[in-house]
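Here the structure is laid out as structure tokens; the discussion comes afterwards.
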Amino acid sequence: MEDAGQDEGFERFLKWAANLGISDCTTNLSLHPQSPTSCLGHSLTVSHFPDAGGRGLAAVRDIKKGELVLRVPKSVLITRDSLLKDDKLCSFVNNNIYSSLSPTQILAVCLLYEMGKGKSSWWYPYLMHLPRSYDVLASFSEFEMQALQVDDAIWTAEKAVSKAKSEWKEANSLMDALKLKPQLLTFRAWIWASATISSRALHIPWDEAGCLCPVGDLFNYAAPGEESNDLENVVHLMNASSLEDTSLSNGETTDDFIGDQPDTGLERLTDGGFDENMAAYCFYARKNYKKGSQVLLGYGTYTNLELLEHYGFLLNENPNDKVFIPLEPSMYSFISWPKVSMYIHQDGKPSFALLSALRLWATPPNQRRSISHLVYSGSRLSVYNEISVLKWISKNCAMILSNLPTVIEEDSLLLSTINKIENLDKPTELGKLLCASGGEARAFVEASDLQKGKNGSELLFSGKTKRAIERWKLAVQWRISYKKTLIDCISYCSVTINSLSSQNFLAMRTK
């Protein structure tokens with residue numbers, strides 16, 4: 001009955017959206033009138049994709065790449081301007097004593113204020129269908145952050161929590177002045193508001209805080225594929241030209257020049273935007289879609305850690321994921337690639353910049369200038385040089401793995417246990433399963449301070465417990481993906497070294 005009630009509520013939301021002009025009709029509305037019961041049906045429909053993001057939008061017909069599939073009028077967008085039409089809110093927000101708050105902080109406060117209105121809010125049908133919680137890094141507990149295991153990831157999570165707490169404290173005086181309800185003043189409520197913005201807000205040209213877009217935020221994420229290599233290609237082209245001589249002659253690197261270069265590879269990819277002529281946010285098909293397939297939206301090129309930080313999810317196969325391995329400080333004194341371009345791809349292959357930089361590093365200093373043109377073109381310098389580079393990469397990947405507290409096989413078993421926990425028929429068996437698993441599972445019980453049942457030995461499967469388990473699961477999934485990339489890199493290096501050695505051996509025999 002609960003699901004049926006939720007479905008009915010969602011149908012009311014789609015009817016509300018239709019009445020406000022949100023439409024997936026791509027032709028003249030006078031020829032194809034908008035349905036009075038739903039804003040969808042001409043191009044899209046709401047469907048469930050259990051293995052691909054959950055609830056999303058599916059094509060009700062064959063859709064061609066570039067075709068307009070949804071438009072949301074400006075009047076329906078939730079922005080600072082639209083929320084500040086409330087006189088009380090506007091009078092407080094525009095007070096100079098709150099001028100230090102960022103646009104995003106202001107939007108978060110306005111969103112909480114609007115939530116406090118309940119059914120009297122004009123956007124109530126939309127607000128009631130927003131997620132009640134998010135698994136962004138800022139919501140991670142100390143245990144969940146440590147479960148990431150990798151120092152850089154833990155630092156990123158700690159920074160996200162620290163930033164969220166700082167922004168919440170800065171906005172407290174404004175929220176107090178607005179007399180928000182106690183439950184809307186909590187840090188948890190602030191995480192909800194800020195995560196709603198970070199995970200759902202779309203870019204608009206007149207407000208850097210962005211906007212919330214009813215129905216438009218039902219599109220699930222599509223990770224860009226080939227586009228993710230744009231930065232690598234830009235770096236390759238830059239270094240193959242004028243930067244080559246400069247970097248080697250005077251010690252400067254492309255870090256000094258990168259700000260003057262076009263931002264082609266760094267731009268976030270989009271599949272829509274605000275159209276001034278139509279006075280609406282318009283969404284377009286990023287590729288051809290067959291009837292029944294899920295229509296996706298490219299938010300941009302994000303690593304899994306970035307997806308976790310801003311959106312609260314990650315992908316099992318993310319072509320934009322990468323692993324950075326520490327380079328020796330001396331390497332940065334002569335290489336001309338920005339640090340962000342030197343990494344290992346998700347499939348285990350070293351990036352162009354990483355390979356090229358190490359090829360130059362493995363060359364005797366007195367020979368580097370004479371072979372620099374080969375390095376910048378991406379050419380192998382010699383079999384010996386290439387094997388030296390691949391051995392160095394493999395050794396460092398193995399060292400990183402050996403310094404982590406668990407191996408990937410242990411993580412996979414733990415992930416299997418967590419999946420079993422999520423599928424328990426009897427939630428009261430939670431404590432028994434966790435304690436029987438030992439190690440990290442037992443530490444989860446202690447760290448989470450789980451509420452005990454009536455008999456004192458059972459652990460209640462509350463909403464709080466479910467959310468904690470989901471965040472723990474995400475941390476384990478992330479570190480498995482991280483370790484798999486390193487393992488795949490070691491394998492790639494080993495196969496390539498063996499191939500080069502065999503080719504070299506055959507070449508020597510034929511001489």
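The values are calculated or read from the model by the stated rules, or taken from the named source; none is laboratory data. Quick caveat: nothing in here was measured; it's all calculated off a predicted structure. When we count neighbours, we look across all protein chains shown, and the Cβ atoms used for this are built from the backbone with ideal geometry, even at glycine. Protein only, heavy atoms only, side chains kept; ligands, DNA and RNA dropped before computing areas. Shrake-Rupley method; radii C 1.70, N 1.55, O 1.52, S 1.80 Å.
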**Item:** Conditions (1) modelled with pLDDT of 80 or more; (2) under 30 Å from residue 135 (Cβ atoms); (3) not in a strand (DSSP E or B): number failed by residue 269
**Value:** (1)
**Asked** Where residues in the stretch 352-365 are free of Cβ contacts under 8 Å to residues at least 60 places away in the same chain, assigned to a helix (DSSP H, G or I) and not basic (Lys, Arg), which of them is surrounded by the fewest Cβ atoms within 10 Å (Cβ to Cβ)?
**Response** 365
**Complete:** Across (1) of a type in the set (Val, Ile, Thr); (2) surrounded by fewer than 18 Cβ atoms within 10 Å (Cβ to Cβ); (3) assigned to a loop (DSSP other than H, G, I, E, B), residue 340 clears everything bar (3)
**Message:** Tell me the residue from 343, 311 that is aromatic (Phe, Trp, Tyr) and free of Cβ contacts under 8 Å to residues at least 40 places away in the same chain, please.
**Reply:** 343
**Prompt:** If residue 154 passes every condition in (1) under 15 Å from residue 478 (Cβ atoms); (2) touching a residue at least 24 places away in the same chain (Cβ under 8 Å) but one, which one does it miss?
**Reply:** (2)
**Request:** Filter the stretch 441-484 down to residues that are of a type in the set (S, T, N, Q) and at pLDDT 75 or above and give me whichever is surrounded by the most Cβ atoms within 10 Å (Cβ to Cβ).
**Result:** 481
**Request:** Keeping to the stretch 110-143, report how many residues are assigned to a helix (DSSP H, G or I) and open to solvent by less than 20 Å² (accessible area, probe 1.4 Å).
**Result:** 8
**Residue ranges of helices (runs of 4 or more DSSP H) in the stretch 1-105 with at least 1 members modelled with pLDDT under 90 and farther than 30 Å from residue 168 by Cα** = 2-19
**Fill in**
Note: among 429, 410, just one is open to solvent by 20 Å² or more (accessible area, probe 1.4 Å), modelled with pLDDT of 80 or more and either of a type outside the set (Ser, Thr, Tyr) or over 30 Å from residue 381 (Cβ atoms) (or both), namely 410
**Request:** Among the residues of the stretch 204-234, write down those that are at pLDDT below 90, in contact with a Ser or Thr (Cβ under 9 Å, 6 or more places away or on another chain) and outside any helix (DSSP H, G or I).
**Result:** 223, 224
**Residues within the stretch 366-402 that are assigned to a helix (DSSP H, G or I) and without any contact (Cβ under 8 Å) to a residue 24 or more places away in the chain, tallied** = 10
**Request:** Working carefully through the options 174, 148, 180, find the one that is more than 24 Å from residue 448 (Cα to Cα) and assigned to a loop (DSSP other than H, G, I, E, B).
**Result:** 180
**Prompt:** Out of the stretch 144-178, which residues are open to solvent by 40 Å² or more (accessible area, probe 1.4 Å) and either of a type in the set (D, E, K, R) or touching a strand residue (DSSP E or B) at 6+ places or on another chain (Cβ under 8 Å) (or both)?
**Reply:** 151, 152, 158, 159, 163, 165, 167, 169, 170, 176
**Fill in**
Checked pairs for the stretch 170-184, first under 14 Å from residue 117 (Cα atoms), second loosely packed, with under 14 Cβ neighbours inside 10 Å and not hydrophobic (A, V, I, L, M, F, W, C), C-beta under 9 Å and 6 or more apart or across chains, list as 178/88
**Complete:** Condition set farther than 23 Å from residue 488 by Cα and modelled with pLDDT of 80 or more, scope the stretch 375-395, selection nearest to the chain's Cα centre (by Cα): answer is 381
**Prompt:** With respect to residue 314, is the statement that it is within 28 Å of residue 59 (Cβ to Cβ), in a loop (DSSP other than H, G, I, E, B) and at pLDDT 90 or above true?
**Reply:** yes
